[in-house]
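Presented below is the structure to which this report refers.
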């Protein structure tokens, strides 16, 4: 559908449903699109039939369905014929609503009831969404029975018709923004939501083609901003609050549920008691390619990001990456080290009889991005602590097994399922408490996805000198999967695996747009690696390279002989067997590190935590290795 459907009435009966403004508006939207499709066929045969059909649709009104509800059955003759035609058209609208319409059920809230997303508020919103779905199904059943179309097997249990999202909104006037951005306060702000999962959307693009760089001008066009065309959602990304405005047009509004499945909400008090750290406008119809990027409004102490409302920017990555970019810029400005990585905290216990270590649990701290902070411990020494940004994962399905995909079912928001390549799902993978709590960083690895490691040799090279390891982080080499503009199988270079914004080019020369940020990053890098060097020398940390071999099979330098010598007899299976070998070696590394940490701390500890961050961009093997490790360690019956 070309327009989003907003539902603001709470209906409790079929009659109230048909009397609502929302139903009237939806019926008109559906009629308009149906007629438009019919008129496309007018240059073909059956023109007269089409004209009669169009006239029939144009004359349909909500009261027609109220008449059927109130009518005394059984109907007969011409009346039954006409009523059946009306219901059959409405049943088409019902299925269109379930599969093609983007609908939001909106409940207004006051600031106090929305504060901290109280459980009672969330329960209320969820109940309203459930009741709306039940009411729609019940109304459809009543109408079908009324006109004699409800006989036979009832199929209502397989029909799910929740709105895409049901949200509670507070007034935007309560949000703390600088005066220069006061017009944004006219947009109501989502404070909590219940969304329909297991849904797949199709967007115009299925890859990012344009970088999100710093701009020399403010891309926010306040004179042209129309508040009724946007929704607003506050996200807590790391230590910062980013207020995201999404244009309601198709192609952009569908990105909303994916973002809701990826980032945690900001608490209401975080955006009403203090100024937000950044605003991000997704799908601005008044912007062009020269506005794609972010601007540091130093006068107002605010980062401002914009994605223009162009077809080529209708992709979930243009929602996720720019907001993470704002996070990373804030990291650098505050002296933190942004890390494009996966990170996991492993709980390692020791067997009471054998004293051997075993991995009891694993908790994801970051799927794609996090930050390291040097914090003083009880002895006054600076220790690197890791924090995450996302509670969900933006998973590329190309490399996942059918078993892994099955485990995601029901919790996912999907995009471009039938695109052939780079089909993606956003699925929750961790809790807010885990990403918001710092964990001491024990192991830092660069994830190499293309160099082949001989069979019998560990894929974990974790005992490097920090200076040697730093060269791998700076080089950021990986073989591309083809989801960016680099050709599949080619090596691309990205300084620090592109902590977005990209700081240096392929020759490690600072990009002019980010020269000042790069200078700050280099100072941060030196401070952290001085710390890492000391910790490595004391045996308190490991650093190096992990080899996932995920893309070794498509790497253009991987000859059949090279693969065969490393124990790979089928090139197509390298992307499965490589990460599996790496997963086994990672498990051994975790256990070895746990033994060393236990000895260093002293005492007879029953368990220790080992936190590992693996630096790497998309398709370097972060998710694939994690899946293989989960398969090895998993103790659940599935």
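Values quoted throughout were computed directly from the atomic coordinates according to the rules given, and no laboratory measurement underlies them. Quantities reported herein were computed from a predicted structural model and do not represent experimental measurements. Cβ coordinates were reconstructed from backbone atoms using ideal geometry, including for glycine residues, and neighbour counts include every protein chain displayed.
Taking a ≥ b ≥ c as the square roots of the eigenvalues of the Cα gyration tensor, the range 580-638 is classed as oblate, since a/c reaches at least 1.5 and a/b does not exceed b/c. Our summary gives the range 1-162 a relative contact order of 34 percent, counting only alpha carbon pairs under 8 angstrom and 6 or more residues apart. Identify the residues of the range 517-557 with backbone N under 19 Å of a label point that sits 7 angstrom from the Cα of residue 333 along the Cα-to-Cβ direction, or state none. Inside the label zone: 517-525. Which FRET efficiency value, to the nearest 0.05, is calculated for residue 508 and residue 126 with the Förster distance at 45 angstrom and r the Cβ-Cβ distance? Step by step, r from the Cβ atoms, then E = 0.35. Can you list the residues of the range 212-234 with backbone N under 18 Å from a point 7 Å past the Cα of residue 311, pointing along Cα to Cβ? Inside the label zone: nothing. On the principal axes of its alpha carbon atoms, the range 109-265 extends 66, 42, 31 Å, with the longest extent given first. Helix 77-99 and the longest principal axis of the C-alpha atoms of the chain enclose an angle of approximately 10°.
Compared with the alpha-carbon gap, the fully stretched path from residue 592 to residue 538 is longer by 17.9 nm at 0.36 nm per residue. Extension gain for residue 227-residue 630 works out to 140.5 nm (0.36 nm per residue, less the C-alpha to C-alpha distance). Computing Cα extents along the principal axes in Å for the structure here picks out one of [x] 72, 72, 43; [y] 90, 59, 53; [z] 84, 55, 51, namely [y]. Label-to-label distance, residue 433 versus residue 290, with points set 7 angstrom from Cα along the beta-carbon direction: 5.2 nm. A simple spin-label model places pseudo-atoms 7 Å from Cα toward Cβ; at residue 557 and residue 239 they are separated by 3.9 nm. Each residue, residue 179 and residue 411, gets one label point 7 Å from its Cα in the Cβ direction; the gap between the two is 4.8 nm.
Here the alpha carbons of the range 153-226 define both size measures, Rg and Dmax, at 19.2, 64 Å. Annotation for the range 578-638 versus the range 347-389: alpha-carbon center distance of 11 Å. Each part gets one Cα centre, and for the range 269-289 versus the range 84-99 those centres are 38 Å apart.
The range 492-593 gives an Rg/Rh value of 1.09, both radii derived from C-alpha positions and Rh following Kirkwood. For the chain, the longest principal axis of the alpha carbon atoms and the long axis of helix 119-146 meet at an angle near 40°. For the chain, the longest principal axis of the Cα atoms and the long axis of helix 466-475 meet at an angle of about 30 degrees.
Contact order for the chain, expressed relative to its length and based on alpha carbon pairs under 8 Å spaced 6+ residues apart, stands at 12 percent.
What ranking do 278-291, 332-345 get when scored by the average of other Cβ atoms within 10 Å per residue, highest first?
Final packing ranking: 332-345, 278-291.
Taking 25 °C and 0.890 mPa s as conditions, the range 285-336 diffuses translationally at an estimated 205 µm²/s according to Stokes-Einstein applied to its Kirkwood radius (Cα pairs).
Please label the shape of the range 461-522 as rounded, prolate or oblate, based on the square roots a ≥ b ≥ c of the eigenvalues of the alpha-carbon gyration tensor (a/c under 1.5 means rounded; beyond that, a/b larger than b/c means prolate, else oblate). Oblate is the answer for the range 461-522, as a/c is 1.5 or above yet b/c matches or exceeds a/b. Calculated FRET efficiency, residue 91 to residue 375, Cβ-Cβ distance, R0 = 51 Å: about 0.25 to the nearest 0.05.
Under the classification rounded if a/c is under 1.5, otherwise prolate if a/b is larger than b/c and oblate if not, where does the range 425-501 fall, given a ≥ b ≥ c as square roots of the Cα gyration tensor eigenvalues? In terms of gyration-tensor shape, oblate.
Over all alpha-carbon pairs in the range 1-162, figure out the percentage whose distance exceeds 30 Å. That fraction is 25 percent. For the chain, the antiparallel share of DSSP beta bridges with both residues in that region comes to about 65%.
Distance from the Cα centroid of the range 551-575 to that of the range 415-476 is 21 Å (rounded to whole angstrom).
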